[in-house]
Amino acid sequence: MQTVLAKIVADKAIWVEARKQQQPLTRFQNDVQPSTRHFYDALQGARTAFILECKKASPSKGVIRDDFDPARIAGIYKHYASAISVLTDEKYFQGSFDFLPIVSSIAPQPILCKDFIIDPYQIYLARHYQADACLLMLSVLDDEQYRHLSTVAHSLNMGVLTEVSNEAELERAIALGAKVVGINNRDLRDLSIDLNRTRQLAPKLGQGVTVISESGINTYAQIRELSHFANGFLIGSALMSSDDLNAAVRRVLLGENKVCGLTRPEDAKAACESGAIYGGLIFVPSSPRFVSDEQARAVQSAAPLQYVGVFRNHDIADVCEKAVQLSLKAVQLHGREDQAYVDALRAALPENVQIWKALSVGDTLPARDYQHVNKYVLDNGQGGSGQRFDWSLLLGQSLDNVLLAGGLGADNCVDAAKTGCAGLDFNSGVESQPGIKDARLLASVFQTLRAY
């Protein structure tokens, strides 16, 4: 143990002694009640588990979230998490034990105290502040310390997340009978990330052990791939650094998905409740899903999706006017718009409005080499046709700025997601008739995407 980790642990010993003076165990030990929220049970089941983390700062990134509000974060996480992790280390993570009861009072899930625990006092303190589980790191503890600390935790009906970062620690975790093992993809000695650690170490853990992959997880594609190795994931920085936390959670758990061709307020509401991030409003008069500005406003008022306006060979002034008046997140171009058009549009649009370009895929994949285009939507010819192109063309491509469209529904959305695209663009496959979305089909699609 050296470098970053050694320094943190040395400082932690000093902190523990100071806190014992300030808040002696004898003052609160008799008030500590066993936990009634079951950490181990919460991570069981066929579905991939998610421990979502409240973290203001870290040694590798500094301050991650300026407007850190544990109550607001818990209010969002409670809709998605299996358990919620709260950083309580003050010096390096700007955490606090005071955050634990705030989160616990808002979210019904088990709350994990994430800290560098080296003394039984910290476990009693964590439970006193309403934590239901604690982190024990084998990079910090020897076997005797671990046994003692885990016994204290279990005596308070708290769960233990046993963290390992290499094969030697993994062997120790097995010998120590750890129920939930977190494989940290970050090397705490130099803070580097290697997702191969989960792939290499997870298969060595036997049946009956819940495997959690920690650190460096920030995309749905990673989750889908690593879910073959891990039972669940602990995710913090990827969420905390996002301005729109709700969208960030959806992006990682489900992908950057869009429901296009919204014409009715109730359909926007159903899309949002199902798990979509983006809602598509089509301003192409020939489309059966065309909406007027008035209809668009009615749709927008029903749900806080990020709205994308769809245009085809429109006058640039018209595109900009709609983008501003309707506060669009992006404009999606579906016609013959060339680089000169895109350049002129970029110059005229507000900076915060993205430009997306839809490309029609035939026998070969078109080049994605526009300047000033933030995302591409790959489709088979005319949008909303319900036809798909040959997805094998996507093999080996970098698709982190690509949405896949064309005939997507519950029957093929998992195969579509496996292509590695950033997200999926649903339209005709979730409709009962053109422009009328079916809430049951929408729910089915997103439940299917989450069932990994």
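Sorting 411-422, 86-97 by average packing, meaning the other beta carbons within 10 Å per residue, from highest down gives 86-97, 411-422. Rounded to the nearest 20 debye, the dipole magnitude of the chain is 580 debye, with +1 charges on Lys and Arg beta carbons, -1 on Asp and Glu beta carbons, and the Cα centre as origin.
Counting only Cβ charges, +1 for Lys and Arg and -1 for Asp and Glu, the dipole size of region 297-435 around its Cα centre is about 240 debye. Over 26 Å between Cα atoms: which of LYS179/LYS204; LYS375/LYS437; LYS114/LYS269; LYS269/LYS329; LYS55/LYS437 fall into that group? Too far apart for the 26 Å limit: LYS114/LYS269; LYS55/LYS437.
In straight-distance terms, cross-link reach from LYS258 covers every one of the aspartates and glutamates whose alpha-carbon lies under 18 Å from its own, apart from those fewer than eight places away in the same chain; here that gives ASP244, GLU266, ASP267, GLU273, ASP379, ASP400, ASP411, ASP415, ASP425, GLU431, ASP438.
With R₀ set to 35 Å, the beta-carbon distance separating HIS154 from VAL414 gives a calculated FRET efficiency near 0.35. Candidate cross-link partners of LYS322 among the aspartates and glutamates, defined by an alpha-carbon separation under 13 Å and a same-chain spacing of 8 or more, comprise ASP293, GLU294.
For TYR376, the residues 5 or more places off, or on other chains, whose built amide H falls under 5 Å of its own are LYS357, VAL402, LEU403.
Take each peptide in 46-55, 423-432, count the other Cβ atoms within 10 Å of every residue, and average; sorted highest first, the result is 423-432, 46-55.
Let me know the charge dipole size of region 3-250 about its Cα centre in debye, to the nearest 20, where only the beta-carbon of Lys, Arg (+1) and Asp, Glu (-1) is charged.
340
When a/c reaches 1.5 or more, the comparison of a/b and b/c decides; with that in mind, is region 159-209 rounded, prolate or oblate per its Cα gyration tensor? Since a/c reaches 1.5 and a/b is larger than b/c, the shape of region 159-209 is classed as prolate.
Classified by the C-alpha gyration tensor, region 3-250 has a rounded form. Its axis ratio a/c, with a ≥ b ≥ c, is below 1.5.
Between THR210, PHE426, GLN222, the Cα set farthest toward the positive side of the dipole of the chain (charges on each charged residue's Cβ, about the Cα centre) is that of THR210. Beta bridges per DSSP, both residues in the chain: antiparallel share near 10 percent. At full extension, GLN295 and GLN145 could sit 47.6 nm farther apart than now, given 0.36 nm per residue minus the alpha carbon distance.
Relative contact order of the chain, taken over Cα pairs closer than 8 Å and 6 or more residues apart, is 11 percent.
Counting every other Cβ atom within 10 Å of each residue's Cβ, THR151, THR26 order from fewest to most as THR26, THR151.
Amide H to amide H, with H built 1.01 Å from N, PHE50 comes under 5 Å of SER82, ALA83, PHE233, counting only residues 5 or more places away or on other chains.
Peptides 135-145, 293-303 ranked from most to least packed, by the mean per-residue count of other Cβ atoms within 10 Å: 135-145, 293-303. With a ≥ b ≥ c taken as the square roots of the eigenvalues of the C-alpha gyration tensor of region 256-450, please select rounded if a/c is under 1.5 and otherwise prolate if a/b is larger than b/c or oblate if it is not? Because a/c hits 1.5 or more and a/b fails to exceed b/c, region 256-450 counts as oblate.
Every number in this text was worked out from the coordinates using simple rules, so none of it is lab data. Everything numeric here is computed off the predicted structure, so don't read it as measured data. Don't worry about glycine lacking a Cβ; one is built from the backbone with ideal geometry, like all the others, and counts go over all protein chains shown.
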